[in-house]
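**Student:** What follows is a structure written as structure tokens; I'll ask about it next.
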There are 4 protein chains.
Amino acid sequence: MTSIGVGLIGTGYMGKCHALAWNAVKPVFGEGPRPRLVHLAEVSPELAARRAEEFGFERSTSDWRELVADPEVEVVSVTTPNAFHAEMAIAALEAGKHVWCEKPMAVTLGDAERMAAVARASGKVTALGYNYIQNPVIRHIRRLLEEGAIGEVNHVRFEMDEDFMADPEALFYWKSEASSGFGALDDFGVHPLSLMQFLFGGVRRVMAQLAMPYADRPSRDGGRRKVETYDIASVLLELRNGASGVMALDRSAWGRKGRIAMQVFGSKGTIAYDQERMNEFQLFTASDRASEQGFRTILTAPVHAPYERFIPAPGHGLGFNELKIIECHELLKAIGGEAAQIVGFEQGLEIERAVHAMAQSHREQKWVGV
Amino acid sequence: MTSIGVGLIGTGYMGKCHALAWNAVKPVFGEGPRPRLVHLAEVSPELAARRAEEFGFERSTSDWRELVADPEVEVVSVTTPNAFHAEMAIAALEAGKHVWCEKPMAVTLGDAERMAAVARASGKVTALGYNYIQNPVIRHIRRLLEEGAIGEVNHVRFEMDEDFMADPEALFYWKSEASSGFGALDDFGVHPLSLMQFLFGGVRRVMAQLAMPYADRPSRDGGRRKVETYDIASVLLELRNGASGVMALDRSAWGRKGRIAMQVFGSKGTIAYDQERMNEFQLFTASDRASEQGFRTILTAPVHAPYERFIPAPGHGLGFNELKIIECHELLKAIGGEAAQIVGFEQGLEIERAVHAMAQSHREQKWVGV
Amino acid sequence: MTSIGVGLIGTGYMGKCHALAWNAVKPVFGEGPRPRLVHLAEVSPELAARRAEEFGFERSTSDWRELVADPEVEVVSVTTPNAFHAEMAIAALEAGKHVWCEKPMAVTLGDAERMAAVARASGKVTALGYNYIQNPVIRHIRRLLEEGAIGEVNHVRFEMDEDFMADPEALFYWKSEASSGFGALDDFGVHPLSLMQFLFGGVRRVMAQLAMPYADRPSRDGGRRKVETYDIASVLLELRNGASGVMALDRSAWGRKGRIAMQVFGSKGTIAYDQERMNEFQLFTASDRASEQGFRTILTAPVHAPYERFIPAPGHGLGFNELKIIECHELLKAIGGEAAQIVGFEQGLEIERAVHAMAQSHREQKWVGV
Amino acid sequence: MTSIGVGLIGTGYMGKCHALAWNAVKPVFGEGPRPRLVHLAEVSPELAARRAEEFGFERSTSDWRELVADPEVEVVSVTTPNAFHAEMAIAALEAGKHVWCEKPMAVTLGDAERMAAVARASGKVTALGYNYIQNPVIRHIRRLLEEGAIGEVNHVRFEMDEDFMADPEALFYWKSEASSGFGALDDFGVHPLSLMQFLFGGVRRVMAQLAMPYADRPSRDGGRRKVETYDIASVLLELRNGASGVMALDRSAWGRKGRIAMQVFGSKGTIAYDQERMNEFQLFTASDRASEQGFRTILTAPVHAPYERFIPAPGHGLGFNELKIIECHELLKAIGGEAAQIVGFEQGLEIERAVHAMAQSHREQKWVGV
């Protein structure tokens, strides 16, 4: 396989991110098929044409089904709003395409289950956009955990916080509507959960508390409208390996911009990480001499694969978009039949199940198994 | 009142800390009575005599009841192991002394209740050693909260971690025995709870999960002994003001030495603090211009009372021991009839009640009101 | 102009970085001509062909003159070792191509002068690879300086440190030969100098001290060879605006990986920055209330152009390679006749002159004007 | 010797700091003579009496010569403005007292030389207030350097910055008068120099540039007055061991409150420290595995003597004032005939010589030997 035909549905935040990845993956990795950017779909034909020209796609359409039916398209990027994921991903799979779908999988658990079922039946490769697990830092942390660098993990803490919902006087919009989901739980929770799955094999049971920082928000008509989703979620949890943990999510956390903070405590050391400084992590190992023990701030370097594919010098830093390039490369490896680090629909479903268990736990005020 | 007679029971970690405070409080603050160091009690008469000489006490005894009976003693520092607090504090109160007792109040809730009752009846001043609330940083944070600098608080996170129990091969000792309490919960939890009381008026209901990182530890006889206490505690909580929160405690957290980390999220900003860097805190306010918003690292300075009593220049730093000097000064103010920031036995009892509610919550696997 | 023909000479560290930029610039910015990757030159024909396939170039050659003569090539990226810059850049300019040349311009001041002269005569656009000035953080700092956010700048400090020469037992190689230049001075000094030019208009006079951490290094023949270059440079300087400054460079600085640290002191505030955390900077403004003054850690965000072309969410982070994409976009703007932020050969020559003035200052042990 | 009679001249910033140290040294260290606070001198008799009461001195005077003549005084703390140091210290030495004098020694080099000569002749113990060398962190760094933890030191950088002169519209006062000295050079430079002496044996030659951020300042009469001292100093230097270095000082550096930053580069690692976070330091050692190399943030702990005399738990933090208690203990050790870490007048004179060499270097615009 020297080239692969690509279709892209959606050109917003993640759509552009996919487009950049499709353009960069071959020059960065120097291996694998060359993506041929065949078809791009957007709601309006004008926007579709403009984005196709910008992103380098050969043709465009305002009818995504046309793209899915295009025989030259072999893999489809689905980056539309969450409510469309299921329909589009399933159609693409059924048309015999591989699918690269943004997270979360779907709005309802039923849709996610259907997606996983169709994927299984199709024999095609599926990948969800859990790009944080692609960070060379996170991959290296997994290697450290596997080799026992901090011994047996017994406790973890995850936080994910941003502030795009922090202003109480910002206009009510769809993220505060119940139809969009639970709130921070599905909006954010899936990311830490993808890390827990990647690093520890996932969670076993959960106990959640959801909270609303603001009861209502101004509406367009000049009045105020009651908020229906929870911007804050606090969760006690137990990992599959038995370790206890805490997960705290807040999309109304003033000053936090892209915080995904992780603390992992083991019998021989501790690891800490924060996505806002995604090119470094902290390692404490109990084996250092007592008078010089301390958390080491370790900067990513060529020794942390696949950083070296981007930059041959240490400490120069990757960006958020470059994680998507790594994800794209993993997807291509999977399509080529190689072992790859992706979250397929099957594993993605587990993440969705954990989210829904948390919501149930909140409703019933008790621990729920995943 | 130009001087006040002081008795000190116990000369370990906290005993020395009290002694240093009694020696320093007058020169630092320049006001209030001069402490007269009258009587010191320790288990052995030799050690008692030696410590009296070192700390500057006039006389010493191996019988603490003698100290309590000493008519020249007006205030008693109780710094013995937790199990003795109730008996000594009550005896001192009944002998008409003011009492400065280290935290936690007592091992059982019943003892704590008796202490509070006797204190109430005595009319004497009581103070518990919750020194972290005396930090000029914490006091200033309270002022900021009161003036609405970050708006209405809607979510908080507290962590307290050290690593003195982190080595799984360290010998079993009394801290792993059930008779010592629940583990991290009472050992550590009282500190964050004292901050929550000081800053937010305390907690309303809790949901806790206790965990053991290690099932057993080596015992002196060469075998292994089952651990009976929980080094880790994770708690969901609701503050009295309705805000949601998380508290995570771990005394087996490798690399953490004196971490008491706090994040306070409000409708207009965020405050963050970590006791390991006790001379600074972080403030984010949404009112800064968008392109220059960020967390400010604010160093303590004379403008943050009572820092200026120690050092007239900003950013030079106070130490842990100096918090106890401030606490001592507050105690003296209270004895002198002035308004003071101390945690008396009455308020201390509320903290104990929260701890016991958490333990109950863990046992019953459900939310418990405080 | 809807497309532009690109030639690339060299495919090492910077060659790949240029290739990635040429692939990404159109999808990222969505505007300007689409680069057409026409011709790639490398030393061996096999490597040239392989890299052309990886990077997406239409044809390749082992004779760079062939590339320069290619009529479909309109702009040439020169990313070969420094010694070749002058010859290649001049040939390309004389063939009527625009030139994008990596820094430093040349090994000798004479070569740099010739390059500038030819560039001037050619009327073509030239750009040197001073990518750090393209960081949205640095651009925003310039805006802040221009609007007087920290008042009048009166003192600056620059540091640039890495550790690739830090191991005293690493084999002697060409970077320790006098023929390679002065050492840290030209290897590193040009970067801080590009920032000083961009932010403050450059330097007026300098006083330098060069130093060798290791007198000799092991050579391949098993003996030791005397080191001829200076891994360390310390410089006092005066900016064109009269402010005093310090620049310290060290390529043997263990633990520093990509540090370019900058402190800028003004009459109303201070700005600090470190390239190892390239997505944030520190701002202190004296106008904040006394009790809440502190350095703000400001994360890059869409409000800091052109970050928003990459990511619509704040705090997610750009990478080192993405600075080159911005540089590429600026180059295309300049070619298109628009105002652009690039360091042309003319301005690059000033940077070279400052470097040579420093070397002279060291030799003569006195202040030297630039 | 079970007690020692103490006299204190001056009760400002440093006078109070000495008083606190005299009160605390015995309880903290538990060894050595008990200081007997005999005599206190201040300009006005009322203030002298008040401070004596506050600080616990037996008697007070407004005539410091009376204190010096007091036969019960054995050691004199001199904490008056710099201009008085020489006269008072010499008088005290000639009266047979030990002398603990604040830094800098004197305003003129001649005075410093006389002080050193009289000290030598007297046979009494002298100590200057270079308290930063007493920090357990700094002491531990010396031990690390001695045991070769970072190999051979080849480059150092020191910075000392505060912002008390940063406001250009603050009224002209004596610190801007030439009679007060050179400015930042003597005000600040002596501190980094004391660290260089303690850690590396001092400096060999220097090249300085002094600068004024503001040419004039408002005067009390409503006009403006020309500034005569230099708030900024930048210095190239060579340590006695041959290593190159940079020292940068700025007392107009907005946002810096007590910054004394130090970077020490060696053939096997790097150490970094900043007094604003005086309870931690950074260590990088090249011997760590490549993929986990990084700067360790090491918190002070009982293993870093004499931290354990203050607190038995790690990471709890000492304060600035406690460095003076350690200094006081060292002084008492010296008086008792033990080896001690103090800067006597003899070594203090070397620091003064370095300062004056820097001033000369600035005047003559050339390197000057110390």
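The values are calculated or read from the model by the stated rules, or taken from the named source; none is laboratory data. Because the structure is a prediction, the values reported are computed rather than measured. Neighbour counts run over all protein chains shown; Cβ positions are idealised from the backbone, glycine included. Quick note on the areas: whole protein, heavy atoms, side chains included, nothing else; ligands and nucleic acids left out. Shrake-Rupley method; radii C 1.70, N 1.55, O 1.52, S 1.80 Å.
**Student:** Toward the positive end of the charge dipole of segment B:51-102, about the Cα centre and with charges on Cβ (Lys, Arg +1; Asp, Glu -1), which of B:V99, B:H85, B:P71 goes farthest?
**Tutor:** B:H85
**Student:** For C:A83, what charge total do you get from the other residues with a beta carbon under 15 Å from its beta carbon, if Lys and Arg give +1 and Asp and Glu give -1?
**Tutor:** -4
**Student:** Given R₀ = 45 Å, FRET efficiency for D:R50-B:F164 by Cβ-Cβ distance, to 0.05?
**Tutor:** The pair D:R50/B:F164 has a calculated efficiency of 0.50.
**Student:** When only Cα pairs under 8 Å and 6 or more residues apart are kept, what is the percent relative contact order across chain A?
**Tutor:** Answer for chain A is 19 percent.
**Student:** Here is a follow-up. Name the nearest-to-axis residue of chain A, judged by Cβ distance to the rotation axis taking chain A onto chain D, and quote that distance in whole Å.
**Tutor:** A:R296, 2
**Student:** Another question, if that's okay. Given H placed 1.01 Å from N in the peptide plane, which residues other than close sequence neighbours of C:L8 have an amide H under 5 Å from its amide H?
**Tutor:** Result for C:L8 returns C:H39, C:L40, C:A41, C:S77.
**Student:** Percent antiparallel among DSSP beta bridges with both residues in the protein assembly as shown, to the nearest 5?
**Tutor:** Close to 60 percent.
**Student:** Check which residues have an amide H placed less than 5 Å from B:G202's amide H, if you skip close sequence neighbours.
**Tutor:** HN-HN under 5 Å from B:G202: B:Q197, B:R240.
**Student:** For the cross-link pairs D:K26/D:K257; C:K103/C:K257; A:K103/A:K175; C:K97/C:K324; A:K97/C:K324, which exceed 23 Å when the distance is taken from alpha carbon to alpha carbon?
**Tutor:** D:K26/D:K257; A:K97/C:K324
**Student:** May I pose another question? With both partners inside chain D, how many of the DSSP beta bridges are antiparallel, as a percent to the nearest 5?
**Tutor:** Taking every DSSP beta bridge with both residues in chain D, the antiparallel ones total about 60 percent.
**Student:** Students sometimes get this wrong: rank B:S219, C:S62 by accessible area, probe 1.4 Å, all chains present, largest first.
**Tutor:** From most exposed to least exposed: C:S62, B:S219.
**Student:** Related question: In deg cm²/dmol and to the nearest 500, what is the mean residue ellipticity at 222 nm of the protein assembly as shown if only DSSP H runs of at least 4 residues count, each as -39500 (n - 2.57), divided by the residue total?
**Tutor:** It comes out at -10500 deg cm²/dmol, rounded to the nearest 500.
**Student:** Within chain A, which is the longest segment that contains none of the GluC sites (Glu not before Pro) sitting in a DSSP loop with at most 10 other Cβ atoms within 10 Å?
**Tutor:** The longest uninterrupted stretch comes out as A:170-337.
**Student:** To the nearest 20 debye, what charge dipole does the protein assembly as shown have about its Cα centre, counting +1 at the Cβ of each Lys and Arg and -1 at the Cβ of each Asp and Glu?
**Tutor:** 0
**Student:** Only Cα pairs under 8 Å and at least 6 apart count here; give the relative contact order of segment A:3-131 as a rounded whole percent.
**Tutor:** Across segment A:3-131, relative contact order equals 24 percent.
**Student:** Take B:R256, C:R240 and sort them by solvent-accessible surface of the protein heavy atoms, 1.4 Å probe, largest at the top.
**Tutor:** The most accessible residue leads, giving C:R240, B:R256.
**Student:** I've got another one for you. Rolling a 1.4 angstrom probe over the protein heavy atoms, how many square angstrom per residue are accessible across chain C?
**Tutor:** Per-residue accessible area for chain C comes out at 32 Å².
**Student:** Which ³J(HN,Hα) values in Hz, rounded to whole numbers, follow from the phi angles of segment D:171-179 under the Karplus curve 6.51 cos²θ - 1.76 cosθ + 1.60, where θ = phi - 60° and Gly and Pro get x?
**Tutor:** 4, 4, 9, 4, 5, 9, 8, 4, 5
**Student:** Distance in nm between label sites at A:R34 and B:K226, each 7 Å beyond Cα in the beta-carbon direction?
**Tutor:** 6.9
**Student:** Between A:P136, A:P45, A:P35, which gets the highest mean-square fluctuation from a Gaussian network model of chain A, Cα cutoff 10 Å?
**Tutor:** In this elastic network of chain A, the residue with the biggest mean-square fluctuation among A:P136, A:P45, A:P35 is A:P45.
**Student:** Quick one: label points 7 angstrom along Cα→Cβ at B:R220, distances to the other copies in nm, smallest first?
**Tutor:** In nanometres, ordered from closest: 6.7, 7.2, 7.6.
**Student:** Using alpha-carbon pairs under 8 Å, 6+ residues apart, how would you state the relative contact order of segment C:260-315 in percent?
**Tutor:** The normalised contact order for segment C:260-315 reaches 22 percent.
**Student:** Which distances, shortest first and in nm, link D:E346 to the matching position in the other copies, using label points set 7 Å out along Cα to C-beta?
**Tutor:** When each copy's label point is compared with this one, the spacings are 6.4, 6.5, 7.9 nm.
**Student:** I would also like to ask the following. Sorted by accessible area (1.4 Å probe), largest first, how do C:S179, B:S44 line up?
**Tutor:** C:S179, B:S44
**Student:** Per-residue HN-Hα couplings for segment C:100-106, Karplus 6.51 cos²θ - 1.76 cosθ + 1.60 at θ = phi - 60°, whole Hz, x for Gly and Pro?
**Tutor:** Karplus values, whole Hz, x for Gly and Pro: 10, 10, 5, 8, x, 3, 7.
**Student:** Report the FRET efficiency, 1/(1 + (r/R0)^6), for D:T108 and D:E364, where r is their Cβ-Cβ distance and R0 is 25 Å, rounded to 0.05.
**Tutor:** 0.85
**Student:** Please report, for A:E147, the nm distances (one decimal) from its label point, 7 Å out from Cα along the beta-carbon direction, to the equivalent points in the remaining copies, shortest first.
**Tutor:** The projected label point of A:E147 is separated from its counterparts by 2.5, 4.8, 5.2 nm.
**Student:** Using a Gaussian network model of chain C whose springs link C-alpha atoms within less than 10 Å, name the residue from C:I133, C:I351, C:I232 with the highest mean-square fluctuation.
**Tutor:** C:I232
**Student:** In addition: Quick one: go through segment A:137-152 and flag any residue whose amide nitrogen is under 20 Å from the point 7 Å out along the Cα-to-Cβ line of A:A339.
**Tutor:** It comes to A:137-149, nothing else.
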